[in-house]
Structure formats: C-alpha cells, structure tokens
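Presented below is the structure to which this report refers.
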Amino acid sequence: MKCPFCGSFDDQVLDSRPIEHTSAIKRRRKCNKCGKRYTTYERPEEISLMVIKSDSRREHFDRKKLWEGIARACEKRPVSSETIDKIVSEVENEISDYLMEVQSSVIGEKVLKKLWDIDAVAYVRFASVYRKFADIDHFMQELKSLKKKTVKNQNK
C-alpha cells in the first residue's frame, strides 16, 4: 500500500477488522519510512452492476457517486463520514442481490429509508433531489408526509 504522506510502499498493518454489515475490511497501517499512520478500506472486487436511470440510460454503479450524493444531503448536519460510509456499504450490500442491473429508484429508496432513521433534514434534502420536486407544492407535500410519520413514530 502506498503511504499517502511520503509515497513509500513499505508499511505494516497494525490492526484489521471487518466493517459491520459489509464485506469490507478496515486496516490501520503505519509507514515504516515516515512513521505516520493511516487507514485503508479493502473490498472484494465485484461484478460490475449497471444502474438503470429514470430516462432508461444505463451506467455502471459508482460507489463514490452514491457517497457524494449522500454527503451533500448531510452537509452541515451531525452525520459523520463513518455513518455515510455505513449507509453506502449497506445499500451496496443490499443491491448485490440484483443480477447485473438495478433501477436507480431502488437505490434511492434504500438510501431514503436509511436517512429517515438518521436525520430528517438530510432525508428531505436527498428526497428533494431524488424525487425531483417540480415546485414548492410537491416539496410541501413531502414535508407534511414527513411530519405525519414523525408524529406517528413519537406516539408509539
């Protein structure tokens, strides 16, 4: 592994542990040249999954693109990068059951379900982009629906 600080390939693994609910492994490493520590994540290479977009275009599933979309929704919210990583890994794991292709709507709904449990504002932000609200009325409908769900959950 190449050290992100000095570029050396001489390192040692200090700690390895699996990440819950994923097939990824988190490794803590130390560079033998500069002595700095860094973290790497290893995932098995998988068959390329195609995402069918709403306009019927197909593109390769891009973990980074999904991470960035969720991160934008969580911007300036109390949601850590680790939580975003966990959401992406869980969604990626859930869609691995699909053979070769998955609808983008399936991915979007899975992300929304996970954001719902974490942060209502991030949920609304993601929903506003994902569901392409045409105007303020559609946005208000979603907010009212969110409010009803919140009240229902509080009364349980």
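FYI, it's all coordinate maths here, none of it is from the lab. Note that the structure is predicted; figures quoted are calculated from it, not measured. Here the Cβ positions follow ideal geometry from the backbone for every residue, glycine too, while neighbour counts run over all protein chains shown.
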Amide N proximity, the stretch 117-142 versus residue 105 label position 7 Å along Cα-to-Cβ, cut-off under 19 Å: 126-135, 138-139, 142
Estimated 222 nm signal from helices in the chain, with DSSP H stretches of n ≥ 4 weighted -39500 (n - 2.57), rounded to 500: -15000 deg cm²/dmol
Test item: Cα-centred dipole of the chain, Lys/Arg +1 and Asp/Glu -1 on Cβ, debye: 620 debye
Computed E for residue 54/residue 6 - FRET, C-beta separation, R0 35 angstrom, nearest 0.05: 0.15
Relative contact order [Cα under 8 Å, 6+ residues apart], the stretch 1-45, whole percent: 33 percent
Antiparallel bridges, percent of DSSP beta bridges restricted to the chain (to nearest 5): 85 percent
Spread of Cα-to-Cα distances over 5 Å intervals beginning at zero, given as percent, for the stretch 54-123: 3, 16, 30, 25, 15, 8, 3, 0
In the stretch 46-150, lysine pairs closer than 15 Å at Cα, eight or more apart or cross-chain: 9
